[in-house]
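The values are calculated or read from the model by the stated rules, or taken from the named source; none is laboratory data. Source: prediction; values computed, not measured. Cβ placement follows ideal geometry from the backbone for every residue including glycine, while neighbour counts extend to all protein chains displayed. The accessibility values were calculated without ligands, DNA or RNA, using every heavy atom of the protein model including side chains. Shrake-Rupley method; radii C 1.70, N 1.55, O 1.52, S 1.80 Å.
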Amino acid sequence: DIVMTQTPLSSPVTLGQPASISCRSSQSLIHSDGNTYLSWLHQRPGQPPRPLIYKISNRFSGVPDRFSGSGAGTDFTLTISRVEAEDVGVYYCVQATEFPRTFGQGTKVEIK
Amino acid sequence: EVQLLESGGGLIQPGGSLRLSCAASGFSFSSYAMSWVRQVPGEGLEWVSGMNYNGGRIYYADSVKGRFTISRDNSKNTLYLQMDNLSAEDTAIYYCVKDYNAQVRSIPLDYWGQGTLVTISS
């Protein structure tokens, strides 16, 4: 199984400042169709996960452009350019290149 | 609009069985793989099981293999998860998730249901 490792696990940030989360996979996430199925999710308490980013760097509809994804191969990063209050919660990376799907441990973003 | 509506959760005693359902709408259900993902309240996400569009390929997490059975009825646009021999460790919110369509190279895991809570307790 592909192991997904996120760092940090907790990230206190100041409003208006940037934040970044790293995600490393134990093996390449390049699918046989040529795509890399690495996504990022955001979850607020009491809510289901909300997809933010797909295929490394593509934002889902309605996701603010302060969210960006980057990376390749086995190393990926989610960046929030200027953190807003509504961005608090837990962020997960997930690979869907192969079954079983696997998630990172989650990174809790909170306001200082 | 894509909708995934889970049902069937509840309180059950250890060793019992439960069947979850997920009613899908707003997309061509019979063309997509589907997955179940669970989450112990306050903890992380765990993928549980997945099935390709026609049920020909089925996958399970090791933690549920031999106890859980995923199935689908494409005529009813419904995904199921039969859970047997349940233990306290299976207590979680179970989410139904729209997965991959190989024909169109769709975006996997792009829609999630609201989840249904399964509690195993005596």
Of the residues in the stretch A:62-85 that are outside any loop (DSSP other than H, G, I, E, B) and in contact with a Pro (Cβ under 9 Å, 6 or more places away or on another chain), the one that is least open to solvent (accessible area, probe 1.4 Å) is A:ILE80
Looking at the stretch B:6-18, is at least one residue open to solvent by 50 Å² or more (accessible area, probe 1.4 Å), touching a Gly at 6+ places or on another chain (Cβ under 6 Å) and more than 24 Å from A:ASN35 (Cβ to Cβ)? no
Taking the stretch A:22-59 and keeping residues of a type outside the set (S, T, N, Q), under 17 Å from A:VAL90 (Cβ atoms) and modelled with pLDDT of 95 or more leaves A:CYS23, A:TRP40, A:LEU41, A:HIS42, A:ARG44, A:PRO48, A:PRO49, A:ARG50, A:PRO51, A:LEU52, A:ILE53
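Filter the stretch A:86-112 for residues that are acidic (Asp, Glu) and open to solvent by 30 Å² or more (accessible area, probe 1.4 Å) and give the result.
Listed by number, the residues that qualify are A:GLU86, A:GLU98, A:GLU110.
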Going through the stretch A:91-106 in order, the residues found to be facing another protein chain (nearest Cβ under 7 Å) and either at pLDDT below 95 or assigned to a loop (DSSP other than H, G, I, E, B) (or both) are A:ALA96, A:PHE99, A:PRO100, A:ARG101, A:GLN105, A:GLY106
Heads up, the strands (runs of 3 or more DSSP E) in the stretch B:5-54 (entirely inside) with at least 2 residues that are under 22 Å from A:TYR91 (Cα atoms), within 14 Å of another protein chain (Cβ to nearest Cβ) and in contact (Cβ under 8 Å) with a residue 60 or more places away in the chain are B:34-39
Based on this model, can you work out whether B:ARG57 counts as within 27 Å of A:GLY104 (Cα to Cα) and open to solvent by 20 Å² or more (accessible area, probe 1.4 Å)?
yes
Could you tell me whether B:SER71 is under 14 Å from the mean Cα position of the chain (by Cα), at the interface with chain A (Cβ under 9 Å from one of its Cβ atoms) and of a type outside the set (Asp, Glu)?
-> no
With the structure loaded, tell me whether B:PRO108 is farther than 23 Å from A:GLY34 by Cβ, facing chain A (nearest Cβ under 10 Å), part of a loop (DSSP other than H, G, I, E, B) and in contact (Cβ under 8 Å) with a residue 24 or more places away in the chain or whether it fails that test.
no
Some residue of the stretch A:67-85 being charged (D, E, K, R) and farther than 20 Å from A:PRO8 by Cβ: no
The residue that is surrounded by the most Cβ atoms within 10 Å (Cβ to Cβ), considering only those in the stretch A:1-21 that are farther than 21 Å from B:GLU43 by Cβ and not aliphatic (A, V, I, L, M), is A:SER20
The residue that is surrounded by the fewest Cβ atoms within 10 Å (Cβ to Cβ), considering only those in the stretch B:78-105 that are in a strand (DSSP E or B) and out of contact with any Lys or Arg (no Cβ under 8 Å at 6 or more places or on another chain), is B:LYS98
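Here's the yes/no breakdown for (1) within 11 Å of chain B (Cβ to nearest Cβ); (2) among the polar types (S, T, N, Q):
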residue: A:VAL3; (1), (2): no, no
residue: A:SER10; (1), (2): no, yes
residue: A:SER22; (1), (2): no, yes
residue: A:TYR37; (1), (2): yes, no
residue: A:ARG50; (1), (2): yes, no
residue: A:ASN58; (1), (2): yes, yes
residue: A:SER68; (1), (2): no, yes
